[in-house]
Amino acid sequence: MKKSFLFLISFLFLLSVSSFGQSREYEIGSSNLMQRPPNGGFFDYSDPTAINIKVAVWGFVRYPGRYIIPEYSDVLDLISYAGGPTDYAHLDDLRIYRILPDSTQTMIKFNVDDIWWGDSLSTKTIDLPKLKAGDILSVPGSQKYYTRDWIMMGVSILSVMISLAILLTK
């Protein structure tokens, strides 16, 4: 009984070790949506038939970094390319930083929530800021604590207090 159990465990271990080092370059029908892009902060969504520009997205998006995108892309496209906003993003305070040709800087502030959740969208036209080469889109945000986070912090503080009490009583 023990020998068969040890044989089974060693067989499963060898099976997992042998497939550990193998990686696939591609897979038919697979999707790259669940994988982090391999470029590490530089993403290329260029269109070979159009003019492409380089922009950056920083802040509370899934994949912040530098992007090469078609010139016809708007701010919502850029946020989508960046994997969308995180749970902590403040979409009511987006900012585009732009350096003008005379070396001055300007900031364009706008609210995406008005665009996504605004009333009577079908009757009014919405002017999204046009992206230009070198723009930086900033998506601000702040950390939100959920019940699980508060419980974990409370348990951590309680365990430190108990440890200190035990140390002081000895």
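I'm checking my understanding of the structure. Among residues of segment 72-88 that are buried (at least 20 other Cβ atoms within 10 Å of the Cβ) and within 18 Å of Ile108 (Cα to Cα), which one is farthest from the chain's Cα centre (by Cα)?
If we take residues in segment 72-88 being buried (at least 20 other Cβ atoms within 10 Å of the Cβ) and within 18 Å of Ile108 (Cα to Cα), then Ser73 is farthest from the chain's Cα centre (by Cα).
Residues in segment 145-154: is at least one closer than 21 Å to His90 by Cα, modelled with pLDDT under 85 and part of a loop (DSSP other than H, G, I, E, B)?
Yes.
Under the condition of being without any contact (Cβ under 8 Å) to a residue 40 or more places away in the chain and surrounded by 13 or more Cβ atoms within 10 Å (Cβ to Cβ), which residue from segment 89-112 is farthest from Pro129 (Cα to Cα)?
Among residues in segment 89-112 that are without any contact (Cβ under 8 Å) to a residue 40 or more places away in the chain and surrounded by 13 or more Cβ atoms within 10 Å (Cβ to Cβ), the one farthest from Pro129 (Cα to Cα) is Ile99.
Kindly indicate the residue of segment 50-64 that is part of a strand (DSSP E or B) and touching a helix residue (DSSP H, G or I) at 6+ places or on another chain (Cβ under 9 Å) and also nearest to Pro140 (Cα to Cα) among those meeting that condition.
So, considering only residues that are part of a strand (DSSP E or B) and touching a helix residue (DSSP H, G or I) at 6+ places or on another chain (Cβ under 9 Å), the one nearest to Pro140 (Cα to Cα) is Val61.
Among the aliphatic types (A, V, I, L, M), closer than 16 Å to Val55 by Cβ and at pLDDT 90 or above - does that describe any residue in segment 80-87?
yes
Modelled with pLDDT of 85 or more and in contact with a helix residue (DSSP H, G or I) (Cβ under 7 Å, 6 or more places away or on another chain): is that true of Tyr67 in this structure?
Criteria met by Tyr67.
Mind counting the residues in segment 99-126 that are at pLDDT 70 or above and either under 28 Å from Gly141 (Cβ atoms) or touching a Ser or Thr at 6+ places or on another chain (Cβ under 7 Å) (or both)?
Qualifying residue count for the region: 11.
The values are calculated or read from the model by the stated rules, or taken from the named source; none is laboratory data. Treat the numbers as computed from the prediction; the structure is a model and nothing was measured. Reconstructed Cβ throughout: ideal geometry from the backbone, glycine too, with neighbour counts over all protein chains shown.
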